[in-house]
Amino acid sequence: MLKKKKINNTEKTINDTIDNDTMASTPDATVNESPEKLFQEELSLANDKYLRLYAEFDNFRRRTTKERVELLQTAGKEVIVSLLPLLDDFERAVKSMENATDINAVKEGVILVQNKLNNILSQKGLKPMESIGQPFDAELQEAITNIPAPTDDMKGKVIDEMEKGYYLNDKVIRFAKVIVGA
């Protein structure tokens, strides 16, 4: 909208300039000016206006392209920064595993780090897909194989999950790889 106002203001300024120039000249001068000369003046004004508008659009296009590239380069920054504490936790866990004699303490530490990772990712919009026991849906799941269903009610349903599927802000970002009962 701002661009339209600028263009309209430029048009008014050009039109006012033409009107003022026409009024300032004497009546004899307008009679002496040929239509070709007037046409040439209008053409040069139109060309000037076109070049300015084209330059403005070109600058706008370059600026938006530059902003888009910068956005793509820094798009994952927020997620990476939020994962840095988790990376520190993993380093501490690896150091503690070198000297650990109690395996249960190591298990608990790894489970705590996994829970922390799950919490961070869920805050960023990641949600795991629930597949086991659900009817097979080709839009959400990828069937790796079919096996005989243990019961009749499990036919056509997901029996096991090889890889979990995930949603990011309610969009599928990874399909679940499942085993379907036949």
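The values are calculated or read from the model by the stated rules, or taken from the named source; none is laboratory data. Just so we're clear, the structure is a prediction, and the values are computed from it rather than from any experiment. In this analysis, Cβ positions are derived from the backbone assuming ideal geometry, glycine residues included, and neighbour counts consider all displayed protein chains. Accessible surface is based on the protein model in full, side chains and every heavy atom, while ligands, DNA and RNA are left aside. Shrake-Rupley method; radii C 1.70, N 1.55, O 1.52, S 1.80 Å.
Could you please find all residues in segment 129-148 being closer than 23 Å to Leu168 by Cβ and either assigned to a loop (DSSP other than H, G, I, E, B) or of a type in the set (A, V, I, L, M, F, W, C) (or both)?
Met129, Glu130, Ser131, Ile132, Gln134, Phe136, Asp137, Ala138, Glu139, Leu140, Ala143, Ile144
Identify, by number, the condition in (1) open to solvent by 60 Å² or more (accessible area, probe 1.4 Å); (2) in contact with a helix residue (DSSP H, G or I) (Cβ under 9 Å, 6 or more places away or on another chain); (3) over 25 Å from Gly76 (Cα atoms) that Leu112 doesn't meet.
(3)
Can you give me the number of residues within segment 165-182 that are open to solvent by 100 Å² or more (accessible area, probe 1.4 Å) and of a type in the set (Ser, Thr, Tyr)?
Matching residues across segment 165-182 total 0.
From the list Ala105, Ala55, Ala93, which one is surrounded by 10 or more Cβ atoms within 10 Å (Cβ to Cβ), of a type outside the set (D, E, K, R) and more than 30 Å from Lys124 (Cβ to Cβ)? Give the derivation first.
Details: Ala105 fails: more than 30 Å from Lys124 (Cβ to Cβ); Ala93 fails: more than 30 Å from Lys124 (Cβ to Cβ).
On inspection, the qualifying residue turns out to be Ala55.
Among the numbered criteria (1) open to solvent by less than 60 Å² (accessible area, probe 1.4 Å); (2) under 35 Å from the mean Cα position of the chain (by Cα), which one does Met162 miss?
(1)
Out of (1) open to solvent by less than 60 Å² (accessible area, probe 1.4 Å); (2) part of a loop (DSSP other than H, G, I, E, B), the odd one out for Leu117 is which?
Unmet for Leu117, out of (1) open to solvent by less than 60 Å² (accessible area, probe 1.4 Å); (2) part of a loop (DSSP other than H, G, I, E, B): (2).
Across segment 140-159, what is the number of residues that are touching a residue at least 24 places away in the same chain (Cβ under 8 Å), among the charged types (D, E, K, R) and open to solvent by 70 Å² or more (accessible area, probe 1.4 Å)?
Step one: of segment 140-159, the residues touching a residue at least 24 places away in the same chain (Cβ under 8 Å) are 140-150, 154-159.
Going one step further and asking which of them are among the charged types (D, E, K, R), we end up with 142, 155, 157.
Adding the requirement that they be open to solvent by 70 Å² or more (accessible area, probe 1.4 Å) leaves 142, 155.
The qualifying residues number 2.
Can you tell me how many residues in segment 59-99 are within 23 Å of the chain's Cα centre (by Cα), within 19 Å of Leu117 (Cα to Cα) and part of a helix (DSSP H, G or I)?
8
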